[in-house]
Amino acid sequence: MSKTKLKTIDSLSFQELQDEADLIPLLSAEDEDAMEKEELPEILPILPLRNTVLFPGVVIPITAGRDKSIKLIKDTNNGNKTIGVVSQKDESKEDPSIDDINTTGTVARILRVLKMPDGNTTVVIQGKKRFKVNEIITKEPYLTAKVNSVKEAKPAKENEEFNEIINSIRELSLEIIKESPNIPSEAAFAIKNIESNSFLINFISSNLNIDVAEKQKLLEINDLKDRALETLKYMNIERQKLSLRNDIQSKVQSDINQQQREYFLNQQLKTIQEELGGTSSEAEIEEMRTRGKSKKWNEDVAKHFKKELSKLQRMNPQVAEYSIQRNYLELVLDLPWEEFSKDKFDLKRAKKILDRDHYGLDDVKKRIIEYLAVLKLRNDMKSPILCLYGPPGVGKTSLGKSIAEALGREYVRISLGGLRDEAEIRGHRKTYIGAMPGRIIQSLKKAGTSNPVFVLDEIDKLSVGGQGDPSSAMLEVLDPEQNSAFYDNFLELGYDLSKVMFIATSNSLAPIQPALRDRMEIINVSGYTIEEKVEIAKKHLLPKQLVEHGLTKKDLSIGKPQLEKIVEGYTRESGVRGLEKQIAKMVRYAAMKIAMEEEYDKKVTNEVVLEALGPAKLQRNKYENNDVAGVVTGLAWTRVGGDILFIESILSKGKGNLTMTGNLGKVMKESATIALEFIKSNAKKLGLDPEVFEKYNIHIHVPEGATPKDGPSAGITMLTSLVSLFTQRKVKKSIAMTGEITLRGKVLPVGGIKEKILAAKRAKIKEILLCEDNKRDIEEIKPEYLKGLTFHYVKEMSDVLDLALTKEKVKNAKKL
């Protein structure tokens, strides 16, 4: 053997392998019976194989690279050349134990040993008969085991069913060989000349395209008929795979032919373009085509894209329309068609995020949690169109960002303030020079998903310009029944906005177009109480300003009393923007002291507040005029929240003329006129001489004349002021009122109650007069907001006068 010329295993033919075994080209039935009857040694050296299974009668080459395997082959080759071959359960095991090998294997005879150039040893072996491992004897230098032979149950020769199975196997194997390009045609000759049925089954089983575990199951089947049926099953699967593979290859070949045709046509087109002075952009167009194949758009969009891409391909790159068409196609490719971020349905987590970022605003938070709950149960729901309505600085815009985080969606914000052009919403026709898509489509492209949280900031600031009405263009965007196919003029395709969660913000509802307001769910985000402002300043504003100014909590600490002093003395607002500016001023004061290395109180005192912010700018002394008849405190709603206002009346000698000043609107002037006429018609009940109205002129003034004032809530305040003036009776201290009146003296309900209540509390008002119908509005307000306030509900104007006026007259009362 040592004198044999070295060969590689690929150079050994099937005939040479058979010659090495001293066999005829194919195993006969007699030879098989002889091998089956051959006596099996009691103890065999065991050779584990990583990736193959040896069947009886089959000749295979194997490569030995492990030290134990090489030692076993060397020792056995010098002896009787008989070994036991088993397959490994896990081929990654380098040193397999008894648990890592299959217990059923095949006795093999070593036919030839070849040393390969790479240092490995290749062994040609032939299977003889099956055996089963009973017990491992030794583990070193290689595995040896006690074994028993496994008998094979063979059907009788006259068994027609078995014979038919063998015929089917033979015919099917010939079909597979014929259709497979990887199997040489000589294999068909070998199959036809195999006489032994069991060798035919083993030979085909050994060459099946299945994994080691499945081949091992075939080897372990004792009944030859069952093994034949199982082999036939695998052959049928292989036949189907081969047929499918050939069909695919045929179709691919057809596609290649079509591609070649298109290639030649494109080359001709390229030549024509170059002759016309243009340049080819095939690489760019091909890149777009490749990107288009990966998009998740529907059939209509795909068809439209293909059509527009073909149009681009036909264009000369030198013409102006080429860049417009290319930009258009890039937009179509960049849009997130049918791409959605996954919503997070953890309601407790969402509530924590909303509570973390915003103090109060319970109605808004409740609505968001409700939306999440329904979405979680249904898993598919049109997103609501919410409109957060309230004064500036109360957190409407930042609330949208918190909602996006709670939902796990992308956040997009569009400022609509001062927007006059309808094309900003719907986009321009792409035929125009400088055409662009609308802001909605642009923002979706930036977001990268089709279901972001969309904040439409300042929707009440939309203006009507010479280029159309943007408010009308927003109708389609915010209509749940229409926005599933929103049409952008530039895109020229319907885009589904129904999964977008739109959140609009507004300071006032009056400027919003009624049809647009009807499509939104209005959520009132009212102002904050002093207590809420202090908490917001402590939890949010102060930490934020410390970070922005490069300080830490150790550098500055502001207690609640000092925060309350800042709120009351230096701000007068419903929101917290002004408060944040004052806190920023305090932080800058500390930063200046640190930078100049001067000592300062890290824990802010009242003296430090006075030093940093200066004297208090707002002195809410509302009782200074209580000793004067005709002065009444009223409550008003403004675009920046609730506020209090004074109504002053005075008499002068004249002819009964009524004068009103203070920049009053039409409604307030009418309220004053109604109040005066009511007093005239009820003069006797009020204890007044009717002639007094003809001897004195009446002047009604509302201070801060530079500020326009109007609204239907000052009726009872006007009337109380006039009655106090005519009767010279005092108005009670710390009392305010709001409501409208009729000529009959009925008190009517008004709106904006919560904002007015907050304004009254900020001004240290103790008692409030309201129409009885406004009681339901008070019940909706949190009890802590109402702490320290007393409410009087009235129906008639006489009730207002009894509650608001004292019986004593003012000092130095005029005699009318």
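The values are calculated or read from the model by the stated rules, or taken from the named source; none is laboratory data. Predicted model only: the values in this text are computed from it and were never measured. Virtual Cβ from ideal backbone geometry, glycine too; neighbours counted across all protein chains shown.
Quick one: which of 717, 727 is among the hydroxyl-bearing types (Ser, Thr, Tyr), surrounded by fewer than 24 Cβ atoms within 10 Å (Cβ to Cβ) and on the phi < 0 side of the Ramachandran plot?
727
Please work out if residue 444 is farther than 18 Å from residue 354 by Cβ, without any contact (Cβ under 8 Å) to a residue 24 or more places away in the chain and assigned to a helix (DSSP H, G or I).
no
Aromatic (Phe, Trp, Tyr) and in contact with a strand residue (DSSP E or B) (Cβ under 8 Å, 6 or more places away or on another chain): is that true of residue 693 in this structure?
No; evaluated as a whole, the condition is false for this residue.
Enumerate the helices (runs of 4 or more DSSP H) found wholly within region 524-574, keeping only those where 1 or more residues are exposed (fewer than 14 other Cβ atoms within 10 Å of the Cβ) and not assigned by TED's automatic domain parsing to the domain that holds residue 510.
In region 524-574, 542-548, 560-570 are the helices (runs of 4 or more DSSP H) which contain 1 or more residues that are exposed (fewer than 14 other Cβ atoms within 10 Å of the Cβ) and not assigned by TED's automatic domain parsing to the domain that holds residue 510.
Tell me, yes or no, whether region 733-744 has at least one residue that is under 29 Å from residue 574 (Cα atoms) and either surrounded by fewer than 16 Cβ atoms within 10 Å (Cβ to Cβ) or under 44 Å from the mean Cα position of the chain (by Cα) (or both).
Yes: region 733-744 contains one or more residues that are under 29 Å from residue 574 (Cα atoms) and either surrounded by fewer than 16 Cβ atoms within 10 Å (Cβ to Cβ) or under 44 Å from the mean Cα position of the chain (by Cα) (or both).
Can you pull out the residues in region 487-507 that are hydroxyl-bearing (Ser, Thr, Tyr), within 21 Å of residue 410 (Cβ to Cβ) and outside any loop (DSSP other than H, G, I, E, B)?
Scanning region 487-507 gives 495, 505.
Regarding residue 722, is this residue in contact (Cβ under 8 Å) with a residue 40 or more places away in the chain, part of a loop (DSSP other than H, G, I, E, B), of a type in the set (A, V, I, L, M, F, W, C) and within 19 Å of residue 804 (Cβ to Cβ)?
For residue 722, the condition - in contact (Cβ under 8 Å) with a residue 40 or more places away in the chain, part of a loop (DSSP other than H, G, I, E, B), of a type in the set (A, V, I, L, M, F, W, C) and within 19 Å of residue 804 (Cβ to Cβ) - is not met.
If I go through region 505-523 residue by residue, how many of them are more than 18 Å from residue 578 (Cβ to Cβ) and either touching a Gly at 6+ places or on another chain (Cβ under 8 Å) or buried (at least 19 other Cβ atoms within 10 Å of the Cβ) (or both)?
Adding up the residues that qualify gives 8.
Which of (1) in a helix (DSSP H, G or I); (2) farther than 19 Å from residue 770 by Cα; (3) of a type outside the set (Gly, Ala, Ser) is the odd one out, the single condition residue 703 does not satisfy?
(1)
Does residue 196 count as over 22 Å from residue 128 (Cα atoms), more than 58 Å from the chain's Cα centre (by Cα) and of a type in the set (Ser, Thr, Tyr)?
Criteria not met by residue 196.
Could you figure out which of (1) over 28 Å from the mean Cα position of the chain (by Cα); (2) under 25 Å from residue 389 (Cα atoms); (3) β-branched (Val, Ile, Thr) isn't true of residue 525?
Among (1) over 28 Å from the mean Cα position of the chain (by Cα); (2) under 25 Å from residue 389 (Cα atoms); (3) β-branched (Val, Ile, Thr), the lone unmet condition for residue 525 is (1).
What strands (runs of 3 or more DSSP E) lie completely within region 29-127 and have 2 or more residues being touching a Leu at 6+ places or on another chain (Cβ under 8 Å), on the phi > 0 side of the Ramachandran plot and surrounded by 13 or more Cβ atoms within 10 Å (Cβ to Cβ)?
Once the strands (runs of 3 or more DSSP E) in region 29-127 are filtered for at least 2 residues that are touching a Leu at 6+ places or on another chain (Cβ under 8 Å), on the phi > 0 side of the Ramachandran plot and surrounded by 13 or more Cβ atoms within 10 Å (Cβ to Cβ), nothing remains.
Residues 451, 483: which one is closer than 30 Å to residue 308 by Cα, within 18 Å of the chain's Cα centre (by Cα) and in contact (Cβ under 8 Å) with a residue 12 or more places away in the chain?
Within the list 451, 483, the selection yields 451.
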